[in-house]
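For reference, the structure is listed below as structure tokens.
What follows draws every value from the coordinates through simple rules; no lab data is involved. Everything numeric in this text was worked out from a predicted model, so none of it was measured. FYI the Cβ positions are ideal-geometry reconstructions off the backbone, even for glycines, and counts take in every protein chain you see.
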Amino acid sequence: MATHEGLARLNALDAATAESELLKCCGAREWAREMVARRPFEDLAELMLTAEQVWWSLGTRDWHEAFASHPKIGERRAAKPQSEHAAAWSEQEQAGTRDAEQATLNELAEANRVYEEKFGHIFIVCATGKTAAQMLVLLRARLPNDPGIELRNAADEQRKIMRLRLEKLLTI
């Protein structure tokens with residue numbers, strides 16, 4: 001389906017269905033509700049601009065809710081249930097971990113544990129196109145960050161994921 005057809009479909013959905021569809025792109029319920037309320041979108045640019053404006057207007061609790069909808073890097077299951085599409089998208093996005101050596105996966109698991117213990121949320125990175133080793137380097141580079149800075153880093157990575165998934169949503 002072309003993007004404009006997908007956008008027309010999203011605009012035409014009833015509110016509950018549209019919210020469910022948008023939650024595939026970002027697991028923050030307040031984000032999805034606000035996006036539904038701002039329909040209809042004229043074009044992809046307006047959709048993306050609105051998505052980012054709504055995302056950055058949310059609070060920490062909403063961001064943590066979105067983060068929890070992703071599996072940890074190197075894992076398959078998120079802390080909170082995902083739709084079938086979101087789970088498949090997570091698996092595609094983390095394709096770089098599929099062929100990783102077990103030692104790298106073990107290091108990722110340990111670094112994930114340390115990160116979550118320090119920051120109170122899982123490590124979020126837009127994993128598309130990255131190898132497990134690259135994600136491990138990024139995770140380790142972000143570990144020394146101040147919690148406030150790291151929360152913004154994680155939120156920005158979630159924003160990138162959200163944009164990719166909105167594009168995918170409009171093509172299914």
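Which aspartates and glutamates have a Cα lying under 12 Å from the Cα of K24, excluding residues fewer than 8 positions away in the same chain?
Counting by Cα, and skipping residues close in sequence, K24 has these aspartates and glutamates nearby: E84, E167.
After finding the eigenvalues of the alpha carbon gyration tensor for region 94-135, what semi-axes result from the square roots of 5 times each, listed largest first in whole Å?
19, 13, 6
Using 0.36 nm per residue of separation minus the Cα-Cα distance, give me the extension gain between M48 and L164 in nm, one decimal.
40.8 nm
For n ≥ 4 DSSP H runs only, could you compute -39500 (n - 2.57) per run for the chain, divide by its residues and tell me the 222 nm figure to the nearest 500?
-20500 deg cm²/dmol
Over the Cα atoms of region 15-55, Rg to Rh with Kirkwood Rh, two decimal places?
Values: Rg = 9.2 Å, Rh = 10.0 Å.
When Rh is taken as the Kirkwood radius, the ratio is 0.92.
How much length is gained on full extension from A16 to R140, taking 0.36 nm per residue of separation minus their Cα-Cα distance?
40.7 nm
If the cut-off is 18 Å between C-alpha atoms, which aspartates and glutamates fall inside it for K130, apart from same-chain ones fewer than 8 positions away?
Cα-Cα hits under 18 Å: E75, E91, E93, D99, E101, E107, D156, E157.
Under Stokes-Einstein, with the Kirkwood radius over Cα pairs standing in for Rh, what whole-number D in µm²/s applies to the chain at 4 °C and 1.567 mPa s? Before the final figure, lay out the partial values.
Details: Rh = 16.4 Å.
Answer, rounded: 79 µm²/s.
Roughly how many debye, to the nearest 20, is the charge dipole of region 9-59 about its Cα centre, given +1 on each Lys and Arg Cβ, -1 on each Asp and Glu Cβ, and no other charges? Don't jump to the answer; show the numbers that get you there.
Details: 6 positive and 9 negative charges, 32 e Å.
The dipole magnitude comes to about 160 debye.
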